[in-house]
Amino acid sequence: MGFFSRLVGGADGGGKQAAVAAASAQEQEQQAERISHDIDAAYYRWLTGSARFDAPAEVETAILDQVRALAARPGDAAELVPRVPEVIPKLLQSLAEEDVSASELSRLVVQDVVLVAEVIREANSAYYRPMTQVKTVEAAIMMLGHNGLRMLLARVAFRPVIKMQAEGFSKKAAPHVWGQSERCALAASLVAPGLTADVFEAYLAGLMQNVGLIVAFRLADRLCQNGTVPGSTDFGIELLACGRQMSAGIARHWEFPAEVTGAIEQAGDPDGSHLAQALDLGDRIAKLRLLLDAGVVGEDDALVTDGLDSFQRRCLGKLSHLEA
């Protein structure tokens, strides 16, 4: 009888431990959702700034309906953003070849004067910290390495996409959205190895995820006057989510890798792919970096201390090396 009691007691104890573990996991997931919500809310308030206004519900609904409708037509949405320079796909294709030489890459880079300047500037940046100034394209390519060059090329390709010609609030928001994109891409690439996600795909997803947001702001400009935008937090968070889904559709239309488009769609989903988790973390870290730099939150704010672990806070510090 004593053995039976111990056996039953052990089973009950195991069941209780499992229940406690499940409850703890659920609580952590809910806390992560709250923190993500609060970061998005603070980011939207900062991004929109004095352009926010108390929009009627019908205006908010009309904007979101238009964004969702366009997101369902990725081909039409893609027509609203510029194409990438022709030399970029050639370089990315060359970089996929393991035995490509620095001299061959240099030959391709020098075909575009903008790329020449960008490659040399990047190699001399505070992020790489060369012992002596890098002056040639080939030396810069050696400094960056294949992956660093791929990231630079992707960033150069996306810059005109995010900073496209616009009017109203979207024109004002574009530089800030691009800044977040750059930081998100870098942060996602830093956390990717720990999640067994591809570093370059994480970087590419980070650059791509805001393309739809700029298009969404352009749609909002048609319904709002004098460069204003609805200031409701609920509206802002929904607009960010809808913009991300539009980004995924445009990426699919542009024939991006399925892993990248899937990650953009699944970002924020606890059951998302490892790449989606890397993108979500990169997005959170990048937004916090901008909020810290703007003085909206402090280093000891709960959004930082509770929202990031020690490694993620180190990634947050690395983002301070990026130029504004």
So, in region 95-107, of the ones that are surrounded by 17 or more Cβ atoms within 10 Å (Cβ to Cβ) and closer than 26 Å to TRP254 by Cα, which residue ends up modelled with the highest pLDDT?
LEU105
How many of the residues making up region 183-199 are buried (at least 20 other Cβ atoms within 10 Å of the Cβ) and in a helix (DSSP H, G or I)?
9
Consider region 241-269. How many of its residues are open to solvent by 20 Å² or more (accessible area, probe 1.4 Å) and within 30 Å of PRO56 (Cβ to Cβ)?
4
Given the condition in contact (Cβ under 8 Å) with a residue 24 or more places away in the chain, of a type in the set (Gly, Ala, Ser), in a helix (DSSP H, G or I) and buried (at least 22 other Cβ atoms within 10 Å of the Cβ), answer yes or no: does some residue in region 149-161 qualify?
no
So, in region 38-87, exactly how many residues are of a type in the set (Val, Ile, Thr) and at pLDDT below 95?
3
Every residue from region 127-141 that is in a helix (DSSP H, G or I), open to solvent by 30 Å² or more (accessible area, probe 1.4 Å) and either among the β-branched types (Val, Ile, Thr) or modelled with pLDDT of 85 or more (or both)
ALA139
Checking LEU204, LEU219 in turn, the sole residue that is farther than 17 Å from PRO74 by Cα and touching a residue at least 24 places away in the same chain (Cβ under 8 Å) turns out to be LEU204
Considering only region 200-237, how many residues are open to solvent by 10 Å² or more (accessible area, probe 1.4 Å), hydrophobic (A, V, I, L, M, F, W, C) and not in a helix (DSSP H, G or I)?
1
VAL296 passes all but one of the listed conditions (1) open to solvent by 50 Å² or more (accessible area, probe 1.4 Å); (2) free of Cβ contacts under 8 Å to residues at least 12 places away in the same chain; (3) closer than 16 Å to ASP38 by Cβ; (4) in a loop (DSSP other than H, G, I, E, B); the exception is number (2)
In region 106-134, anything out of contact with any helix residue (DSSP H, G or I) (no Cβ under 7 Å at 6 or more places or on another chain), over 25 Å from ALA187 (Cα atoms) and among the charged types (D, E, K, R) is listed as ARG107
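The values are calculated or read from the model by the stated rules, or taken from the named source; none is laboratory data. What you see is a predicted model, and the numbers here were worked out from it, not measured in a lab. Here Cβ is always computed from backbone atoms with ideal geometry, including for glycine, and neighbour counts include all displayed protein chains. What goes into the accessible areas is simple: the full protein's heavy atoms, side chains included, and nothing from ligands, DNA or RNA. Shrake-Rupley method; radii C 1.70, N 1.55, O 1.52, S 1.80 Å.
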